[in-house]
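**Q** Following this message is one structure expressed as structure tokens.
Nothing in this text is a laboratory measurement; each read-out follows from the coordinates by a stated rule. Keep in mind it's a predicted model, so treat the numbers as computed, not measured. Don't worry about glycine lacking a Cβ; one is built from the backbone with ideal geometry, like all the others, and counts go over all protein chains shown.
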Amino acid sequence: KSPFENAAVLSDSYSSEASELADIEWDNLGFGLLPTDYMYMMKCSQGGNFSKGELQRFGNIELNPSAGVLNYGQGLFEGLKAYRKEDGNILLFRPEENALRMRQGAERMCMPAPTVDQFVEAVKETVLANKRWVPPPGKGSLYIRPLLMGSGAVLGLAPAPEYTFLIYVSPVGNYFKEGVAPINLIVEHELHRATPGGTGGVKTIGNYAAVLKAQSAAKAKGYSDVLYLDCVHKKYLEEVSSCNIFVVKGNVISTPAIKGTILPGITRKSIIDVARSQGFQVEERFVPVDELLDADEVFCTGTAVVVSPVGSITYKGKRVSYGVDGFGAVAQQLYSVLTRLQMGLIDDKMDWTVEL
Ligand code: COI
């Protein structure tokens, strides 16, 4: 029996719990943790393979104080979303891409990783067991957070002797407090997020801790988030703390190329394909910060942020604004195609969605 069949059995046995909608206020969901019913756990030893995981009640986990993830940051995470369709079925978006990205990250971080099948089946199982937490159509999505961590004890610096793969979920709405309104970014030119040869190109937990200082300072000044520059020339765009960036000029949409220091976003990759299918020319290249000055539009992409229009960018005290108030036309068009695909409202010619 596949783990997925187990999930069906398990969620059947909790059918009243799994089939109805959770009793929460579904309007105005933000991006904060709402505890749900189940999480998925699977363990394996260093040098071994993940074999059998299981669902358990969502709650705190126990870790040795000497766990590799706590002491040396040996950990990765992923993010993907499930949407409820009008017919009640649930859609996942490109889960195998997250599985592959976790495997690439695990190689960089000296960790064993679940196979693509194990990852995708575990995601399906977790979503089905928490089905009542998938928001009604149009109210948001279920954010799925897979984690891979060195959970075994180490004292000297070395890969941990044991690993835990865990998935938890939470219903979410808009990521930024601005909602769907444009965000205001500030370019950071002293602190950097990633270095060549470092871990910027994988989704390791430390990449996100590294941005908190600049992000907190920016938020204290009223900005929504920080846009990072490359650390060598201090001139080329990299990414925003939690998402990738795109710059629009006429029919050309440019985005920083994947070269090891920026995260290869799955929404980024999808938007590039969607934009090309809509007749735009998309360039993946070095994008000098100066190009922000005469861009028509700027927008960010990510699983959590989806497609977020940028209203202004401040660089060395100079503020450039885009549009009047609202989405730029290009960001609007791409957002609309992508989200209609993710929600099952248009034909999925790309074969990106997985129906549960
Ligand atoms: C996502 O978009 O899923 C991410 O992993 C970014 C995170 C900082 C919320």
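**Q** So for the pair Val320, Asp273, with labels modelled 7 Å out along Cα→Cβ, what separation do we get in nm?
**A** 3.0 nm
**Q** Separate question: Using per-residue counts of other Cβ atoms within 10 Å, averaged over each peptide, order 56-62, 26-32 from highest down.
**A** Details: 56-62: 10.3, 26-32: 13.1.
Ranking the peptides 56-62, 26-32 by packing returns 26-32, 56-62.
**Q** Further question on the same structure: What's log10 of I(q)/I(0) for the chain at q = 0.12, 0.15 Å⁻¹, Debye sum over Cα points only, no solvent?
**A** Here the Debye-derived log intensity ratios amount to -0.91, -1.37.
**Q** Which FRET efficiency, nearest 0.05, do Ala22 and Glu355 yield, Cβ-Cβ r, R0 22 Å? Intermediate results must be reported in sequence, preceding the final value.
**A** Details: r = 21 Å, r/R0 = 0.97.
With a Förster radius of 22 Å, E is 0.55.
**Q** To continue, here is another question. What angle, in degrees between 0 and 90 and rounded to the nearest 10, separates the Cα long axis of helix 329-342 from the longest principal axis of the Cα atoms of the chain?
**A** So the inclination is approximately 10 degrees.
**Q** In whole Hz, with x marking every Gly and Pro, tabulate ³J(HN,Hα) for region 217-228 from phi via Karplus 6.51 cos²θ - 1.76 cosθ + 1.60, θ = phi - 60°.
**A** Values per residue, Gly and Pro as x: 5, 5, 5, 4, 8, x, 7, 7, 6, 10, 9, 9 Hz.
**Q** So, one more: For a quick protection proxy, order the peptides 157-164, 342-349, 93-100 by their average other-Cβ count within 10 Å, most packed first. Don't skip to the answer; put the middle values down first.
**A** On the way: 157-164: 18.4, 342-349: 14.6, 93-100: 21.0.
Top of the packing list down: 93-100, 157-164, 342-349.
**Q** Now for a different question. Over the Cα atoms of region 266-356, what is the Rg over Rh ratio if Rh follows Kirkwood? Present the calculation step by step, with values, prior to reporting the outcome.
**A** Values: Rg = 14.7 Å, Rh = 14.5 Å.
Radius of gyration relative to Kirkwood radius: 1.01.
**Q** Select from Asn28, Trp133, Phe176 the residue farthest towards the positive end of the dipole of the chain; place +1 on Cβ of Lys and Arg, -1 on Cβ of Asp and Glu, and compute about the Cα centre.
**A** After comparing all options, I get Phe176.
**Q** Please give the Cα centre distance for region 113-183 versus region 216-284, rounded to the nearest Å.
**A** 23 Å
**Q** Assuming R0 = 51 Å, what is the FRET efficiency of Gln333 and Asn49, from their Cβ-Cβ distance, to the nearest 0.05?
**A** Working: r = 44 Å, r/R0 = 0.87.
Efficiency, rounded to the nearest 0.05: 0.70.
**Q** Of the listed pairs Lys81/Lys177; Lys43/Lys203; Lys213/Lys318; Lys124/Lys249; Lys219/Lys318; Lys43/Lys131, which have alpha-carbon separations greater than 28 Å here?
**A** Exceeds cut-off: Lys124/Lys249.
**Q** Next up: Lys and Arg at +1, Asp and Glu at -1: add these up for the other residues within a Cβ distance under 11 Å of Ser170 and post the number. Kindly include the intermediate steps, with their values, before the conclusion.
**A** Numbers: positive: Lys81, Arg145; negative: none.
Counting the neighbours of Ser170, the net charge comes to +2.
**Q** Taking the Cβ-Cβ separation of Asn64 and Leu157 as r and a Förster radius of 22 Å, what is the calculated FRET efficiency to the nearest 0.05?
**A** Working: r = 16 Å, r/R0 = 0.73.
Plugging the Cβ-Cβ distance into 1/(1 + (r/R0)^6) gives 0.85.
**Q** If the only charges are +1 at each Lys and Arg Cβ and -1 at each Asp and Glu Cβ, what is the size of the charge dipole of the chain around the Cα centre, to the nearest 20 debye?
**A** 860 debye
**Q** Taking Cα atoms, how many degrees apart are the long axis of helix 266-277 and the longest axis of the chain, rounded to 10 and kept between 0 and 90?
**A** Once rounded, one gets 60 degrees.
**Q** Work through the residues other than Met109 whose Cβ is under 12 Å from its Cβ and net out their charges, Lys, Arg +1 and Asp, Glu -1.
**A** Values: positive: Arg103, Arg108, Lys203; negative: Glu107.
Around Met109, the surrounding residues sum to +2.
**Q** Quick one: angle between helix 116-129 and the longest Cα principal axis of the chain, in degrees between 0 and 90, rounded to 10, please.
**A** Between helix and principal axis, roughly 80 degrees.
**Q** Still on this structure, please answer the following. Can you give the net charge of the other residues whose Cβ lies under 15 Å from the Cβ of Thr261, counting K and R as +1 and D and E as -1?
**A** Numbers: positive: Arg108, Arg193, Lys203, Lys234, Lys235, Lys259, Arg268, Arg285; negative: Glu188, Asp230, Glu238, Glu239, Glu284.
Computed value for this residue: +3.
**Q** Treating only the Cβ atoms of Lys and Arg (+1) and Asp and Glu (-1) as charged, compute the dipole magnitude of region 152-230 about its Cα centre; round to the nearest 20 debye.
**A** Using only the charged Cβ atoms, the result is roughly 160 debye.
**Q** Determine the dipole magnitude for region 35-175: charges of +1 sit on the beta-carbon of Lys and Arg, -1 on that of Asp and Glu, nothing else is charged, the reference point is the Cα centre, and the result goes in debye to the nearest 20.
**A** Working: 15 positive and 13 negative charges, 67 e Å.
My answer is approximately 320 debye.
**Q** Given Cα positions, please report Rg to Rh for region 135-273, the hydrodynamic radius being the Kirkwood one.
**A** Numbers: Rg = 17.3 Å, Rh = 17.3 Å.
Expressed as Rg/Rh, it is 1.00.
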